[in-house]
1. Consider residue 92 carefully, then state whether it is away from the ligand (no atom under 16 Å from the Cβ), farther than 24 Å from residue 262 by Cβ, in contact (Cβ under 8 Å) with a residue 40 or more places away in the chain and surrounded by 14 or more Cβ atoms within 10 Å (Cβ to Cβ).
2. Of all residues in the range 1-36, which are outside any loop (DSSP other than H, G, I, E, B) and more than 30 Å from residue 95 (Cβ to Cβ)?
3. For the range 34-47, how many residues are crowded, with 18+ Cβ neighbours inside 10 Å and either more than 10 Å from the ligand (Cβ to nearest atom) or not small (Gly, Ala, Ser) (or both)?
4. Given (1) away from the ligand (no atom under 16 Å from the Cβ); (2) touching a residue at least 60 places away in the same chain (Cβ under 8 Å); (3) under 23 Å from residue 130 (Cα atoms), identify the lone condition not met by residue 87.
5. Taking residue 58 as meeting all but one of (1) buried (at least 21 other Cβ atoms within 10 Å of the Cβ); (2) more than 16 Å from the ligand (Cβ to nearest atom), write down the number of the exception.
6. Are any residues in the range 221-274 crowded, with 19+ Cβ neighbours inside 10 Å and assigned to a loop (DSSP other than H, G, I, E, B), and if so, which ones?
7. When you go through (1) more than 9 Å from the ligand (Cβ to nearest atom); (2) surrounded by 18 or more Cβ atoms within 10 Å (Cβ to Cβ); (3) within 30 Å of residue 152 (Cα to Cα) one by one for residue 23, which number turns out not to apply?
Amino acid sequence: MLRYFSHNQHLKDIFDFPVAKVCIDAGFTCPNRDGSKGYGGCIYCNDKGSGAPYIKKDLSWIEQYENSRNLLLKRNPDTKFIIYFQAFSNTYAPIDYLENLYTSALALKDVVGISIGTRPDCVTSGILDLLRDLSKDTYLLLEYGLESIHNKTLEFINRQHTYGDLLAAYGEAKNRNINVCLHIINGLPGESATDILETAKTVGQLEPDGIKIHSLYIETGTQLYNYYRKNPWHIFTEEEYVEIAARCIELMPQTTVIHRLIGEAIPDRLVVPEWSKNKHKVLNSINKKLCEWKSRQGAKFIPARSFKYKELEIEHV
Ligand code: SF4
C-alpha cells in the first residue's frame with residue numbers, strides 16, 4: 001500500500017472512470033526566453049521547454065491530443081483525459097487567446113479537465129479570474145514552477161523570479177479557489193540536503209493542492225550541462241535520492257496530492273543520473289523506505305502558525 005496520496009488515487013477519488021493525463025505543446029514560448037524577463041531560460045531547460053519527451057512538436061496541439069487519445073483508448077476504451085498544457089509557459093498570451101484555447105480543449109471529445117503549467121510571474125488578475133471561472137465547471141489545475149524557496153538558487157539557475165513572486169501568485173490563485181500544484185527540484189547545484197528539506201517544509205506549510213517533486217537530471221544541450229562539465233558536483237545516488245524524496249513526503253500535509261516524485265529526461269540526452277531512467281524502481285524504493293521507517297506522508301508536517309493569503313505572510317514554527 002502506498003504511504004502517500006498519489007495522483008492516481010486522487011483521480012480515482014474524483015472520477016468513477018479511468019483518467020489519463022495527456023501532455024501537450026500548444027506552441028507557447030516563455031518570458032524567460034524571449035527577453036521579457038530574461039534570455040536563455042532556466043539553466044536546465046531544453047529546447048522543448050521542459051515538455052514531456054514524447055511530445056511531437058510538429059503536430060498541432062489538437063493532433064497531439066488525438067494521437068495520444070487514440071493510443072490510450074486502445075488500452076482501455078473507457079478512458080477520459082486531462083489535457084496538460086505542459087511545455088513552456090502556458091499562460092503567456094492575451095486573455096482572449098487563452099480563453100479560446102482552454103475552452104476549446106475542454107470541448108474536445110473525452111476531455112474532463114485541464115492542467116496548466118506556468119511561471120508564478122506569468123499570471124495576471126485577469127488570467128486568474130478566467131481560471132477561477134473555468135474551475136467552477138471543470139477539473140482545472142494550475143501548476144506553478146517554483147523549484148526552490150532559496151532566492152540564491154533561483155538566481156543561480158536563472159529563474160528570473162523570486163520566492164516572493166511565488167507567494168504572491170499562489171495567494172492570488174488560492175484566494176480565487178483555484179487548485180494549485182507547486183513544482184520543486186531536488187538536487188540543484190549549491191543546495192544541501194538541509195536546503196532541500198527547508199524547501200519541502202516551507203512548501204508543505206503552504207498546503208498546496210498538489211506537489212511535483214522532481215529529481216534533478218542533466219541533459220546535453222542545456223546550460224546546466226555546460227556548467228556540469230566545467231564544475232561537476234555530487235549528483236545524488238539512487239539511495240540518497242530515495243531517502244531525500246521520502247523525507248520530503250513526510251513534510252507534506254496528507255491533503256496534498258503527490259503528482260510526481262522523479263524527473264524524466266529525454267532518454268538519449270540524459271547525462272546523469274542514470275538511475276532516473278528507472279522510474280518505477282525508484283518510486284517503489286521511496287515507498288519501501290517510508291514502510292521501513294514506519295512513516296508516511298504528513299508524519300513530519302509542521303503546520304504554519306499563520307498563513308494569510310491576502311497579506312502574503314507566512315510564519316514558521
Ligand atoms: S520557466 Fe519553464 S519554459 Fe521557461 S525557461 Fe524556465 S523551465 Fe523553460
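The numbers here are math on the coordinates, done by the rules we state, and not lab data. Since the structure is predicted, the reported quantities are computational estimates derived from the model, not experimental observations. Here the Cβ positions follow ideal geometry from the backbone for every residue, glycine too, while neighbour counts run over all protein chains shown.
1. So residue 92 does not fit the description; no.
2. Within the range 1-36, 6, 8, 9, 12, 13 qualify.
3. Within the range 34-47, residues that are crowded, with 18+ Cβ neighbours inside 10 Å and either more than 10 Å from the ligand (Cβ to nearest atom) or not small (Gly, Ala, Ser) (or both) number 6.
4. Among (1) away from the ligand (no atom under 16 Å from the Cβ); (2) touching a residue at least 60 places away in the same chain (Cβ under 8 Å); (3) under 23 Å from residue 130 (Cα atoms), residue 87 violates only (1).
5. (1)
6. Scanning the range 221-274 gives 222, 235, 236, 252, 256, 261, 262, 263, 265, 273.
7. Just one mismatch for residue 23, condition (3).
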